[in-house]
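Peer 1: What follows is a structure written as structure tokens; I'll ask about it next.
The values are calculated or read from the model by the stated rules, or taken from the named source; none is laboratory data. This is a predicted model, so every value here is computed, not measured. In this analysis, Cβ positions are derived from the backbone assuming ideal geometry, glycine residues included, and neighbour counts consider all displayed protein chains.
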Amino acid sequence: MDSKTEQPTLDKDLIEKAATALLKYVSKQQEEKSNDILADKVHFVWLIVSTHRFLDITKDKPVSIPLKHPLYDASTEICLITKDPQKTFKELVASKNLKRIRKVIGISKLRKKYQPYEAKRQLCNSYDLFMADDRVIPLLPKLLGKCFFQRKKQPIPVCLKNEKHFEREIFKACNSTYMHFSPGTCLAIKIGRTDMTSSQLLENIVTAVPCIVNKIPRKWKNIQSLNIKTQFSTSLPIFNADPFTQIFK
């Protein structure tokens, strides 16, 4: 612990060992269950942040966290939800040749065409990633329904006020992860993918953790533990607060 900054030093060796063990586990599961959901599929690696104190925070817009190695690549299929008229944004996507954006939906079309639950479910399953103009983000929980939030595919907010910065904002969103606040003592944040190396996972964690902790009330004083996991694995610890250290009391 650095007494001046009151910030713990992350153990990089421990993090890389945990990442290596996690990737080996996933690889073994894929070999053993060749016909299962785990087989030949890339999964997200999650950073689980546990806090000492209850976080009584709810935000419509998630917090952007930069990553060293992006979670999304050129093969990612994106659906962009925009303000009306959607034609303006469709033309922007075409003019910038943003092939990753496979569909543009205006807020009026979303409200009209995707009312039934089955329509929402099919939309959720049709794309890898959803982005939305940050001006319509507050409207989306009601319009999209539970399926998006249960599958943790909430749209990522992008600032589309200035057309000149359109491409930059899309690129920035693809190179970040997002922290969604909700009341409780646990936060789950996508930190990598199972097709990354342990070194890449390490670099993402070391890059992201200071930004994540800085957004949490009381910062490091409120961090009880950090773990990594996939959807189908157990959690592996990469940091635990010293219960005898004064700053955590």
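Peer 1: Among the residues of the stretch 176-186, is there at least one that is within 16 Å of the chain's Cα centre (by Cα), surrounded by fewer than 16 Cβ atoms within 10 Å (Cβ to Cβ) and hydroxyl-bearing (Ser, Thr, Tyr)?
Peer 2: Checked the stretch 176-186: at least one residue is within 16 Å of the chain's Cα centre (by Cα), surrounded by fewer than 16 Cβ atoms within 10 Å (Cβ to Cβ) and hydroxyl-bearing (Ser, Thr, Tyr).
Peer 1: Kindly list, by first and then second residue, each pair from a residue in the stretch 8-21 that is acidic (Asp, Glu) to a residue that is modelled with pLDDT of 95 or more and in a helix (DSSP H, G or I), limited to pairs with Cβ atoms under 6 Å and residues at least 6 apart or on different chains.
Peer 2: Cβ pairs passing all conditions: Glu16/Ser198; Glu16/Leu202.
Peer 1: Among the residues in the stretch 26-47, are any assigned to a helix (DSSP H, G or I), of a type in the set (Ser, Thr, Tyr) and surrounded by 13 or more Cβ atoms within 10 Å (Cβ to Cβ)? Lay out the reasoning, then the answer.
Peer 2: So in the stretch 26-47, the residues assigned to a helix (DSSP H, G or I) come out as 26-32.
Still in the list and also of a type in the set (Ser, Thr, Tyr): 27.
Imposing the further condition that a residue be surrounded by 13 or more Cβ atoms within 10 Å (Cβ to Cβ) reduces the set to none.
Among the residues of the stretch 26-47, not one is assigned to a helix (DSSP H, G or I), of a type in the set (Ser, Thr, Tyr) and surrounded by 13 or more Cβ atoms within 10 Å (Cβ to Cβ), which makes the answer no.
Peer 1: Among the listed residues Ile223, Ile212, identify the single one that is closer than 21 Å to Ile238 by Cβ and within 15 Å of the chain's Cα centre (by Cα).
Peer 2: Details: Ile223 fails: within 15 Å of the chain's Cα centre (by Cα).
So the residue among Ile223, Ile212 that is closer than 21 Å to Ile238 by Cβ and within 15 Å of the chain's Cα centre (by Cα) is Ile212.
Peer 1: Can you tell me which of (1) touching a helix residue (DSSP H, G or I) at 6+ places or on another chain (Cβ under 8 Å); (2) outside the structural domain of Lys221 (by TED's automatic domain parsing); (3) assigned to a strand (DSSP E or B) is the one Lys109 doesn't meet?
Peer 2: Condition not satisfied by Lys109: (3).
This table checks each residue for (1) modelled with pLDDT under 95; (2) farther than 17 Å from Pro8 by Cα.
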site	(1), (2)
His180	yes, yes
Ile189	no, yes
Gln200	no, yes
Thr207	no, no
Gln224	no, no
Thr245	yes, no
Lys249	yes, no
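Peer 1: It is to be established whether one or more residues within the stretch 138-161 are part of a loop (DSSP other than H, G, I, E, B), among the polar types (S, T, N, Q) and without any contact (Cβ under 8 Å) to a residue 60 or more places away in the chain.
Peer 2: Within the stretch 138-161, the first condition is being part of a loop (DSSP other than H, G, I, E, B), and the residues that meet it are 145, 151-155, 159-161.
Narrowing the set further to residues that are among the polar types (S, T, N, Q) leaves 154.
Okay, now just the ones that are also without any contact (Cβ under 8 Å) to a residue 60 or more places away in the chain, so none.
Within the stretch 138-161, none of the residues are part of a loop (DSSP other than H, G, I, E, B), among the polar types (S, T, N, Q) and without any contact (Cβ under 8 Å) to a residue 60 or more places away in the chain.
Peer 1: Among the residues that make up the stretch 133-151, is at least one of them at pLDDT 95 or above, buried (at least 20 other Cβ atoms within 10 Å of the Cβ) and in the same structural domain as Ile105 (by TED's automatic domain parsing)?
Peer 2: Taking every residue of the stretch 133-151 in turn, at least one turns out to be at pLDDT 95 or above, buried (at least 20 other Cβ atoms within 10 Å of the Cβ) and in the same structural domain as Ile105 (by TED's automatic domain parsing).
Peer 1: Do the conditions hold for Thr185, that is, is it touching a Ser or Thr at 6+ places or on another chain (Cβ under 6 Å), touching a residue at least 60 places away in the same chain (Cβ under 8 Å) and among the β-branched types (Val, Ile, Thr)? Lay out the reasoning, then the answer.
Peer 2: Working: touching a Ser or Thr at 6+ places or on another chain (Cβ under 6 Å): yes; touching a residue at least 60 places away in the same chain (Cβ under 8 Å): yes; among the β-branched types (Val, Ile, Thr): yes.
Against the criterion (touching a Ser or Thr at 6+ places or on another chain (Cβ under 6 Å), touching a residue at least 60 places away in the same chain (Cβ under 8 Å) and among the β-branched types (Val, Ile, Thr)), Thr185 qualifies.
Peer 1: So, one more: Would you mind telling me which numbered condition in (1) surrounded by fewer than 19 Cβ atoms within 10 Å (Cβ to Cβ); (2) touching a residue at least 40 places away in the same chain (Cβ under 8 Å); (3) not in a loop (DSSP other than H, G, I, E, B) Asn125 fails?
Peer 2: (2)
Peer 1: Let me spell it out: the conditions are (1) of a type in the set (Asp, Glu); (2) under 15 Å from Thr9 (Cα atoms); (3) not in a helix (DSSP H, G or I), and Asp195 meets all of them except one. Which number is the exception?
Peer 2: Failing condition for Asp195: (2).
Peer 1: Name the residues in the stretch 15-71 that are at pLDDT 85 or above, of a type in the set (S, T, N, Q) and out of contact with any helix residue (DSSP H, G or I) (no Cβ under 6 Å at 6 or more places or on another chain), would you?
Peer 2: Step one: filter the stretch 15-71 for residues at pLDDT 85 or above, giving 15-29, 42-56, 62-71.
Subsequent filtering for residues that are of a type in the set (S, T, N, Q) retains 20, 27, 29, 50-51, 64.
Within the stretch 15-71, Ser27, Gln29, Ser50, Ser64 meet the criteria.
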